[in-house]
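Have a look at the structure below, then the notes.
The values are calculated or read from the model by the stated rules, or taken from the named source; none is laboratory data. Just so it is clear, the model here is predicted, and its values are computed rather than measured. Note: ideal-geometry Cβ built from the backbone for every residue, glycine included; neighbour counts use all protein chains shown. Areas reflect the complete protein model, heavy atoms only, side chains present, ligands, DNA and RNA absent. Shrake-Rupley method; radii C 1.70, N 1.55, O 1.52, S 1.80 Å.
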Amino acid sequence: MLLVLVRAVFVLVVAGFGVKLAYIVRDNQLANPGLVFVGIMLTAVGVVIVDLVTPRKRIQTISATYIGMIVGIFLTNLLSSALQPTLQLYLKPSVHMISLNFLMIFICYLCISTLLQTKDDFRFIIPYVEFSKEVKGSRPLVLDTSVVIDGRIADVVETRVIDQQLVIPRFVLQELQSIADSSDKLRRNRGRRGLDILNRLQKLPGVEVTIHDGEIPELAGIREVDQRLVVLAKHLGGKVVTNDYNLNKIARLQGVEVINLNDLANAMKPIVLPGESLTVKLLKRGEEQGQGIGYLDDGTMVVAEQGAYHLGETLRLTVTSVLQTSAGRMIFGRIDAVQPTKPSGNSSNPPHQEGQAPAQERHHHA
């Protein structure tokens, strides 16, 4: 309702200015006053229509526009004070006023255009100019190609643990499209999976997913995707979300915070302490002689000492140590001397009933 009132007042003010200008044009016989009034009103209506079709505006753009107008009006006043004696000698008062208005429009246009093209260098936001960026509140999360293809980020977002803005750089989207168009079947399937994950993220309620064009001066001349990700995250004051170990190192070296989904997944796995027992099926031989390898239900690798001689068996192990890395968790254990007994399901002798002796024993007593 307030916006409707503001737009109505704007149209009325422009209409009053148009009537006044039309009278000036008619008195000095400069042009058709009706055409001047209609042109001014069409311009005002066009401004309102542009405002209606662009409801979501960036604060940097709006701030740059306002600063440009203020600077333009200030410069116009300075120039008019310097040129006014000359203009009064050679121009009529009405033409003099129109000339100053056109000069103001011209200077405001130049100032606004200059600020819009350089707003990322000056970072025009409320309160207008910010020379050292200080990020407060939640930081945006810049997603890497690997984490989008992996798909677990969508599951994490569905749990409502993450409420920050998710930023998908345009160059990451282009990389996904190129992978999806690859001639290699495996790469093509991975690219299509990544695009499906993006569509899934955009449909999730309560999360804001933004496609960032990445048009910032710092990215000029940088071709490598990992480096562009780090530069963009540093510019936005956000964090990089990735599964790539190398990108993790590069970002931390440049002072950019990183969320590694592998580390997050490892942190959520059940803790196993030395001395505890677990049951695992050994599937293959290990790298060292005599080792057997098995896996828990969550994919954690279990290395059993002397387990190479029990492949295919389900054994109870005692945990000796746990190794935690960014690549995952490894559990080392030794085989228990006493294994759980298994009930024999194919015994030829049925169990004895209480109070009943075996057949041979009964025959002996007979």
Exercise. When the chain is fully extended, how far beyond the present Cα-Cα distance does residue 78 get from residue 183, taking 0.36 nm per residue of separation?
Worked result: 31.4 nm
Exercise. Given labels modelled 7 Å from the Cα in the Cβ direction, how far is it in nm from residue 10 to residue 90?
Worked result: 3.7 nm
Exercise. Taking the highest mean first, how do the peptides 224-233, 274-283 order by number of other beta carbon atoms within 10 angstrom per residue?
Worked result: 224-233, 274-283
Problem set entry | Hz values of 3J(HN,Hα) by residue in the stretch 31-36 - Karplus curve (6.51, -1.76, 1.60), Gly and Pro given as x | 6, 6, x, x, 5, 4
Problem set entry | Förster radius 41 Å - calculated FRET efficiency between residue 220 and residue 160, Cβ distance, rounded to 0.05 | 0.60
Problem set entry | DSSP bridge pairs, the stretch 219-313: antiparallel proportion in percent, nearest 5 | 70 percent
Exercise. All other residues with a Cβ under 11 Å from the Cβ of residue 140 taken together, and with Lys, Arg as +1 and Asp, Glu as -1, what is their net charge?
Worked result: +1
Exercise. When the accessible area of the stretch 145-259 is computed with all protein chains present and a 1.4 Å probe, what percentage of it is carbon and sulfur?
Worked result: 46 percent
Exercise. How far, in nm, would the chain grow between residue 31 and residue 109 when pulled straight, counting 0.36 nm per residue and subtracting the alpha carbon separation?
Worked result: 25.6 nm
Exercise. Distance in nm between label sites at residue 320 and residue 20, each 7 Å beyond Cα in the beta-carbon direction?
Worked result: 9.3 nm
Problem set entry | Probe 1.4 Å, protein heavy atoms only - accessible area per residue of the stretch 218-262 in square angstrom | 48 Å²
Problem set entry | Relative contact order (%) - the stretch 207-273, alpha-carbon pairs under 8 angstrom, separation at least six | 23 percent
Seminar exercise, completed: Averaged per residue, the 1.4 Å probe accessible area of the stretch 290-338, protein heavy atoms only, in Å², is roughly 50 Å²
Problem set entry | Net lengthening on full extension, residue 279/residue 265 (0.36 nm per residue, minus Cα-Cα) | 2.9 nm
Seminar exercise, completed: Karplus ³J(HN,Hα) for the stretch 185-200 (6.51 cos²θ - 1.76 cosθ + 1.60, θ = phi - 60°; Hz, whole; x = Gly/Pro) runs 5, 5, 5, 4, 5, 5, x, 5, 4, x, 5, 5, 5, 4, 4, 5
